[in-house]
Amino acid sequence: QVQLVESGGGLVQPGGSLRLSCAASGIFFRIYSMGWYRQAPGKQRELVAIITSGGTTNTADSAKGRFTISRDNAKNTVSLQMNSLKPEDTAVYYCAAGLGSSWSWGQGTQVTVSS
């Protein structure tokens, strides 16, 4: 059974930084693509960044230059370093694990950017 547990969310001022982490269990982590998605109130869930099993990354235009996704296959974790945060980054951030067309999701962690 796949289990994804996010941590690191919270309240931060504009321009600040946060680091989200996701601990995965129940999967052969190193063969999975891992991603971060977010959903703001009243909006659809959107991709923030993804990292493949081979380490290739893809980051949404809205996050490029500010957010960095990374993975540690030894620890079964994926992280999202978020810098220069903006109020529009406020959302629930979800960790996802994908193999082929099958994706599993964590419960999400709230990120609020506000002064």
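The values are calculated or read from the model by the stated rules, or taken from the named source; none is laboratory data. None of the values given here were measured: they were computed from a predicted structure. Methodologically, a virtual Cβ is constructed for each residue, glycine included, from the backbone with ideal geometry; neighbour enumeration extends over all protein chains shown. We work out accessible area using only protein heavy atoms, side chains counted, and drop any ligands, DNA or RNA first. Shrake-Rupley method; radii C 1.70, N 1.55, O 1.52, S 1.80 Å.
Before moving on, here are some points about what is shown:
- For N83, the criteria (1) touching a residue at least 60 places away in the same chain (Cβ under 8 Å); (2) open to solvent by less than 50 Å² (accessible area, probe 1.4 Å) hold in every case but one, which is (2).
- Selection of segment 87-111 for residues being surrounded by fewer than 14 Cβ atoms within 10 Å (Cβ to Cβ) and in contact with a strand residue (DSSP E or B) (Cβ under 9 Å, 6 or more places away or on another chain) yields P87, E88, Q107, Q110.
- When segment 58-69 is limited to residues that are surrounded by 15 or more Cβ atoms within 10 Å (Cβ to Cβ) and not in a loop (DSSP other than H, G, I, E, B), the one that is nearest to the chain's Cα centre (by Cα) turns out to be I69.
- Positions within segment 80-105 being touching a Phe, Trp or Tyr at 6+ places or on another chain (Cβ under 7 Å) and within 20 Å of G42 (Cα to Cα), in sequence order: Y93, Y94, C95, W105
- Test for L11: is it open to solvent by 60 Å² or more (accessible area, probe 1.4 Å), part of a strand (DSSP E or B) and out of contact with any Pro (no Cβ under 9 Å at 6 or more places or on another chain): yes
- S25 being in contact with a helix residue (DSSP H, G or I) (Cβ under 7 Å, 6 or more places away or on another chain), without any contact (Cβ under 8 Å) to a residue 60 or more places away in the chain and hydroxyl-bearing (S, T, Y): no
- Residues satisfying the criterion are present in segment 96-111 (criterion: among the aliphatic types (A, V, I, L, M), under 18 Å from G10 (Cβ atoms) and within 14 Å of the chain's Cα centre (by Cα)).
- Put simply, of G15, G42, G55 the only residue that is without any contact (Cβ under 8 Å) to a residue 12 or more places away in the chain, out of contact with any Gly (no Cβ under 6 Å at 6 or more places or on another chain) and not β-branched (V, I, T) is G42.
- Of the residues making up segment 27-41, those that are surrounded by fewer than 21 Cβ atoms within 10 Å (Cβ to Cβ), modelled with pLDDT of 95 or more and farther than 14 Å from D72 by Cα are Q39, A40.
- Given (1) open to solvent by 30 Å² or more (accessible area, probe 1.4 Å); (2) part of a loop (DSSP other than H, G, I, E, B), index of the condition G16 fails: (1)
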